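The values are calculated or read from the model by the stated rules, or taken from the named source; none is laboratory data. Source: prediction; values computed, not measured. Neighbour counts run over all protein chains shown; Cβ positions are idealised from the backbone, glycine included.
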Amino acid sequence: MKAIKRYLPFAALFALQILAAGCGKSQLEMIVGTYTDNGSYGLYSYRFDVKSGDASVLDSADAVNPSFAIYRKGTVYAVRETNDPEAAVASYRFNRKNGSFRLTSSLTSAGADPCHLSTNGRYLLSSNYTGGTLSVFQLSRNGKIKSVKGGPVAVVSGSTGGPDLSRQESPHIHCSVYSPDGKYVFASDFSADRILRFEATGSGISPSVDDSEDMVAYQLDPDYGPRHIVFSPNGKFLYVIGELSGTVTSFSYKKGKLTRIGVVDADPYDGHGSADIHTSPDGKFLYVSNRLVNDGISIFSVRKNGNLEFVANQATRIHPRNFNITPDGRFLLCACRDSDMIQVFSRDVRTGMLTDTGRNILVRHPVCIEWVR
């Protein structure tokens, strides 16, 4: 609990009020990743009450820029987002009872500034922004990251070609996800304005070479800057948010093929800073965070054919980089990096609308929220 004592002056306003909160079935464990350039300790764990919207801090792990973290079967995987040879991916054994972390493995990410992770339980995908690569790591049965001949089993490079010479001058891979059927991996090739596709194989991914045309699943419009990708809960649709374009493109998905449905504007203020994208658990709504100008979250309803219809914009605090929705759909938590807080919004499951509860979770430079389930 040393991290709690260290952070107590900043967290006292909320932690002392709710530290005695129970941990029954209405409680969810939550992992928060932060940037550590502003006094943050690194990774934090909380309990979140899905009835009241209150949160209580549990513990933390000393880590450098764990800006993205995911949980799977007792293990937390986190990046070390640095633009140097120390950039890495790490695994931690997570204790759900007390929220503690125990480092179990760490490997260099084979690309600077790793910023996104996903896993199918056998392999871990690391999207490396500045390095412009997608690294594929093998996992052991106990969840540790294995070194195969000194590193990942495959490294694939992104490309350039986008017209924004200030932000697309070098390759950037921003996100990679497994398809719902588990047969494919889709990745956002930011600087080439395209979505890449790989087969998920028993040895990692295929093709694992950089010059295969089979890699390109869809060529997006110029200056799109694809950032994050999400599948609908029923697995029939894929959505990609363009950081530069501020638009969401909808696709139908079948047997590895993407067919474009439509494009909607998610950033009416043209801030060129769209960031995260998620659907509601029931798949009826889609949400997008926008930064840099008029920070907020855009809300869309999802039609039966996968098309999106604009509902509203919800203002947030400064720089809403990442957000997540509780599994029951009742709350949306938004990591507002430059306001040093996580905003807690209640969510109307019928209309998709958000209401600020005022139950802010104070933590320095939060940029990732992950549920433990």
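For (1) closer than 29 Å to Pro207 by Cα; (2) buried (at least 22 other Cβ atoms within 10 Å of the Cβ), each residue gets a yes or a no:
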{"position": "Phe231", "(1), (2)": "yes, no"}
{"position": "Asp282", "(1), (2)": "no, no"}
{"position": "Val288", "(1), (2)": "no, yes"}
{"position": "Arg303", "(1), (2)": "no, no"}
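Considering the range 317-373 alone, what residues qualify as being basic (Lys, Arg) and modelled with pLDDT of 95 or more?
Our first condition is that a residue be basic (Lys, Arg); within the range 317-373, this holds for 317, 321, 330, 337, 347, 350, 359, 364, 373.
Correct list: Arg317, Arg330, Arg337, Arg347, Arg350, Arg359, Arg364.
Only one residue in Gly39, Gly111 is more than 23 Å from Val344 (Cα to Cα) and assigned to a loop (DSSP other than H, G, I, E, B). Which one? Please lay out each step first, then the result.
Values: Gly39 fails: more than 23 Å from Val344 (Cα to Cα).
After applying the criteria, what remains is Gly111.
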Exercise. Just give me the residues in the range 233-248 being outside any loop (DSSP other than H, G, I, E, B) and surrounded by fewer than 23 Cβ atoms within 10 Å (Cβ to Cβ), in sequence order.
Key: Thr247
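Let's see how each residue does on (1) closer than 22 Å to Ser245 by Cβ; (2) touching a residue at least 60 places away in the same chain (Cβ under 8 Å); (3) not β-branched (Val, Ile, Thr):
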| residue | (1), (2), (3) |
| --- | --- |
| Ser289 | yes, no, yes |
| Val293 | yes, no, no |
| Asn307 | yes, no, yes |
| Phe310 | yes, no, yes |
| Phe323 | yes, no, yes |
| Pro327 | no, yes, yes |
| Asp348 | no, no, yes |
| Leu354 | no, no, yes |
| Leu362 | no, yes, yes |
Exercise. Quickly run through the range 82-105 and pick out the residues that are of a type in the set (S, T, N, Q) and either part of a strand (DSSP E or B) or at pLDDT below 95 (or both).
Key: Ser91, Thr104, Ser105
Quiz prompt | Tabulated pairs, the range 83-107, first within 20 Å of Gly150 (Cα to Cα) and small (Gly, Ala, Ser), second surrounded by fewer than 21 Cβ atoms within 10 Å (Cβ to Cβ) and modelled with pLDDT under 95, C-beta under 9 angstrom, 6+ apart or interchain | solution = Ser105/Ser147
Quiz prompt | Hits in the range 121-144 (condition: surrounded by fewer than 22 Cβ atoms within 10 Å (Cβ to Cβ) and in a strand (DSSP E or B)) | solution = Gln138, Leu139
Self-check item: Meets criteria (assigned to a strand (DSSP E or B) and not assigned by TED's automatic domain parsing to the domain that holds Ala200) for Ala78
Solution: yes
